[in-house]
Each structure stands twice: as C-alpha cells, then as structure tokens.
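The values are calculated or read from the model by the stated rules, or taken from the named source; none is laboratory data. Note that the coordinates shown come from a computational prediction; the quantities given were computed from them, not determined experimentally. Here the Cβ positions follow ideal geometry from the backbone for every residue, glycine too, while neighbour counts run over all protein chains shown.
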Amino acid sequence: MKNIIFLVTLTISIGGCFGIKPFQPPPAEYESWEKSGVSDPEVRRTLLACGYPNPYGFNRDYIPNDVAIAEQCMFSRGFRRNDSYKGICAVPNRRDLPACNGRKCTSDREPGCSPDDLNRPILKSIHELKKND
C-alpha cells in the first residue's frame, strides 16, 4: 500500500517538473474553435449565434441534438476544432441523431431531441459537410 501511495505521489511530482498540469478543467468551448483571421470575441459571438447557451459550452443537462445542431453550425461557418474532437456526430452512439443525418426531430420523445428542436431549421448533415472538405 505504501508503494502505491509513493508511486502516485512520485508520478504527480515528476509530472509537475515537465509542465504537465494534472487535474485541470477542460478549456472553454470558445478556446476549442478556430478560424483563420477570427478573433476571440468573434468566436464567442458565433458560438452564441449557432445555439450555444454561452461561450463556455453546454452544461450537463444538454440535449444531444442541440449540441449536434450547434456544432454543425460552427463547422458550416468554416470553423475547425483545434483538438482531436470531431463533433458529437462522430461519436458512434450519437451518429443516428436527427441533426447528424440532416433531418429535423419529429417528436420531442425521439432520442436526443427536445421540444425546441421541432421548430428549428436543419443544416446540412455532417456527412454532407465532410464531402465538401
């Protein structure tokens, strides 16, 4: 048991020597999107225009289809992620979301949908956006 505690302490201590910052919160959503020639304030405005509730991203009570719509909006406006995340539509168990397939929600009981989704216009599906890359 002492060996495990020692190894954990040693690992965290050595990590600090190499600039690794363990236990850090994820970056704000606006810090993860980029587009050549676009300033931080413009990224923040675009996030809000695309349906994000704030520039820091969605909270824990998010509706998956809402996230898909907002992300597709950002991609369609020429923004890219600066991390390896490819969007919720690239997650295997989320690919069948209506917004990921270029269709509107037909019911708020449909998985990943909310009552607000029934009146939203739909953007191109993520598959159509990738074809244009």
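Some points to look at:
- Tally of residues being of a type in the set (S, T, N, Q), surrounded by 13 or more Cβ atoms within 10 Å (Cβ to Cβ) and at pLDDT below 90 across segment 73-103: 1
- Selection from segment 32-50 of residues that are touching a residue at least 40 places away in the same chain (Cβ under 8 Å) and of a type outside the set (K, R): S32, W33, E34, V38
- Within segment 58-72, the residues that satisfy the criterion of being over 11 Å from the mean Cα position of the chain (by Cα) and either crowded, with 18+ Cβ neighbours inside 10 Å or touching a residue at least 12 places away in the same chain (Cβ under 8 Å) (or both) are I63, N65.
- The residues of segment 33-57 that are under 15 Å from the mean Cα position of the chain (by Cα) and part of a loop (DSSP other than H, G, I, E, B), listed by number, are C50, G51, Y52, P53, N54, P55, Y56, G57.
- Filter result for Y30 (assigned to a loop (DSSP other than H, G, I, E, B), modelled with pLDDT of 90 or more and of a type in the set (F, W, Y)): no
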